[in-house]
1. In the neighborhood of Lys25, defined by Cβ-to-Cβ distances under 15 Å, what is the net charge if each Lys or Arg adds +1 and each Asp or Glu adds -1?
2. When Lys and Arg each count +1 and Asp and Glu each count -1, what net charge do the other residues less than 15 Å away from Val12, Cβ to Cβ, add up to?
3. Suppose a student asked you for the relative contact order of segment 19-86, using Cα pairs under 8 Å spaced at least 6 residues apart; what percent would you report?
4. Over the alpha-carbon set of segment 13-89, work out the extent along each principal axis and list the three values in angstrom, largest first.
Amino acid sequence: GLAVASAGFARVRNVVKDLSRHVDKIDSLINNAGIMWLPEEKTVDGNEKQIQVNYLGHFLLTNLLLERMNKPSRIINLSSLAHGWSKLN
């Protein structure tokens, strides 16, 4: 497995570039959200950090890897039920 935990889109792009040197085809991709309860903070890309790490980064990674995905392949996106803990619900 490969772990990409970064708040910067440049890091995601660099990981894909490095991976592309070693891997021709990918059978499965698991995107697992990972941070919460942070003070509000912007990333170098201008997005709220928690949203970028947990969602936007996964979509970028998946999009950049699509051409390397075998047909058929599996893409699994995981998250938590923590959104249900909000007082807004």
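1. Working: positive: Arg21, Arg68, Lys71, Arg74; negative: Asp24, Asp27, Glu67.
Neighbour charge sum, excluding Lys25 itself: +1.
2. +3
3. With pairs under 8 Å counted, the relative contact order is 50 percent.
4. 45, 27, 14
Every number in this text was worked out from the coordinates using simple rules, so none of it is lab data. Not measured: the values here are computed from a predicted model. Here Cβ is always computed from backbone atoms with ideal geometry, including for glycine, and neighbour counts include all displayed protein chains.
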